[in-house]
Amino acid sequence: MIRVQAPGKLFIAGEYAVVEPGEPAVLVAVDRYVTVELSESHDRGRISSEQYGRLPVVWTREDDRVVADQDHRPFDYVFSAVTTLEQLVAERRLTPRFYDIRISSELDDVSGRKFGLGSSAAVTVATVRALDEFYGLGLGPVERFKLALLATVRVSPNASGGDIAACTFGGWIAYSAPDRADVLAAWRAEGVSATLAHDWPGFSVRRLREPEGLRLVVGWTGQPASTERLVGSVQHRKAPEETHYAAFLADSRACVRALVAALEAQDAPAASAALRRARAVLGDLASRAGLEIETPALTALCESAAEIGAAAKSSGAGGGDCGIVLAPAGADVGRMLREWEQHDIRHLAVEVHEAKEAIVS
């Protein structure tokens, strides 16, 4: 049996802007994991997970296509990863095989509510890794990232891939996205192998130094949020005549670049200042777009952080889920956590998932 894990992720800065090709963001991988166990089977395969508490999805092949015998939700991303990898296997003229996939996750609470740590990305990345090992494809990290992003955008075309990058490469990263419409067009016209071989304009990823003198603290509001809905709402409001969107992109870009420079220089005060500015930029976007990115619980999280001299903001699309704090050495984090409890904000005891391999194809 093959057993692989992929970590969760948190956006630090660059949310919403990162969906535009080439726009930068900073993310970090965290030590909560999705585990995929894959074992060979015969005649058919199964996809199952205890978290979903339902019978497995059974898949077979018809005319060299992978087909499910029932609605494959909530395994859309897993099934997309399977079909994408199987297309690559066919293009390489390898013998197709059947296998069972069993999924378990630390990215939900006991009731099944997601923490907002990128469970869809993590399960996609883990499935790609398991199938790479199963078929002996010998893929590099960048190739695995590209396959996972291709599988993701086949389900969710607006996905930036930042979460995929964090789950693939680990550690702290700076990321910018390719044009996913171009990626899908290349896949439809040329297949998986050729699409992997192409340069993807706009895509970049590089490692960042973990900030010294700052502690990353994460709070979960317990309120689930729909990233796809929130990001889609902004995308529908970005008409050329709405000049605030171009200004938002410029402001976000400046914040991310300032944060990256601060991390590279190990300048803790500058990193905190950049995070505070990133919060303000998202607040301005929310006001102009008529969205609630920072909920009352997230505001309470950020204000309690400010009271101890820390910088904080929502993480990801907001609307609930998690907030992040960069707390300087000596800050009274315990006081902040006690205030969180009064607002029903749960402290998630996570650490950075360290990178284990270089970012090479």
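Read-outs throughout are calculated quantities, based only on the coordinates presented, and are distinct from any laboratory measurement. Small disclaimer: the values here were computed from a predicted structure and weren't measured. When we count neighbours, we look across all protein chains shown, and the Cβ atoms used for this are built from the backbone with ideal geometry, even at glycine.
A few notes on this one:
- Lysine pair count for the chain [Cα-Cα under 23 Å; pairs on different chains or 8 or more apart]: 6
- Cleavage-rule hits, trypsin sites (Lys or Arg not before Pro), the range 17-74, DSSP coil, Cβ neighbours within 10 Å at most 15: R44, R54
- Here Q266 and S41 are evaluated by their C-beta separation; at R0 = 41 Å the FRET efficiency comes out at 0.25.
- Coarse-grained scattering of the chain at q = 0.08, 0.10, 0.14 Å⁻¹, given as base-10 log I(q)/I(0) from a Debye sum over alpha-carbon atoms: -0.39, -0.60, -1.15
- C-alpha long axis of helix 180-190 to longest principal axis of the chain, angle in °: 10
- Ranked by how many other Cβ atoms sit within 10 Å of their own Cβ, fewest first, the residues V183, V281, V58 fall in the order V58, V183, V281.
- Exposure proxy ranking, count of Cβ atoms within 10 Å, fewest first, for K9, K356: K356, K9
- Close amide H contacts of K9 (hydrogens built in the peptide plane, cut-off under 5 Å, sequence separation of 5 or more or a different chain): V30, G118.
- Counting other Cβ atoms within 10 Å as a rough exposure proxy, the listed residues R102, R215 run R215, R102 from fewest neighbours to most.
- Within the chain, helix-based [θ] at 222 nm, where runs of 4 or more DSSP H residues each add -39,500 (n - 2.57), nearest 500: -13000 deg cm²/dmol
- Rounded to whole numbers, the Karplus 3J(HN,Hα) couplings from phi for the range 272-286 are 5, 4, 5, 5, 4, 5, 4, 4, 5, 4, 5, x, 5, 4, 4 Hz, using 6.51 cos²θ - 1.76 cosθ + 1.60 with θ = phi - 60°, and x at Gly and Pro.
- Modelled this way, with points 7 Å down the Cα-to-C-beta line, the labels at A273 and A358 are 3.5 nm from one another.
- For the chain, the longest principal axis of the alpha carbon atoms and the long axis of helix 141-153 meet at an angle near 90°.
- Rounded FRET efficiency, nearest 0.05, which uses the C-beta distance separating A329 from E303 and R0 of 25 Å: 0.75
- Shown here are the Rg and Dmax of the Cα trace of the range 2-208, at 16.2, 46 Å.
- Label point at R61 placed 7 Å out along Cα→Cβ; residues across the range 68-106 whose backbone nitrogen lies under 11 Å: 86-87, 89-91, 93-99
- Along the range 301-312 the Karplus relation, 6.51 cos²θ - 1.76 cosθ + 1.60 evaluated at θ = phi - 60°, assigns HN-Hα couplings of 4, 5, 5, 5, 5, 4, 5, 9, x, 9, 9, 8 Hz to successive residues, with x for each Gly and Pro.
- Inter-site label distance for R188 and A254 at 7 Å from Cα along Cβ, in nm: 3.9
- Residues with amide H under 5 Å from that of K313, placed H, sequence gap 5 or more: I324
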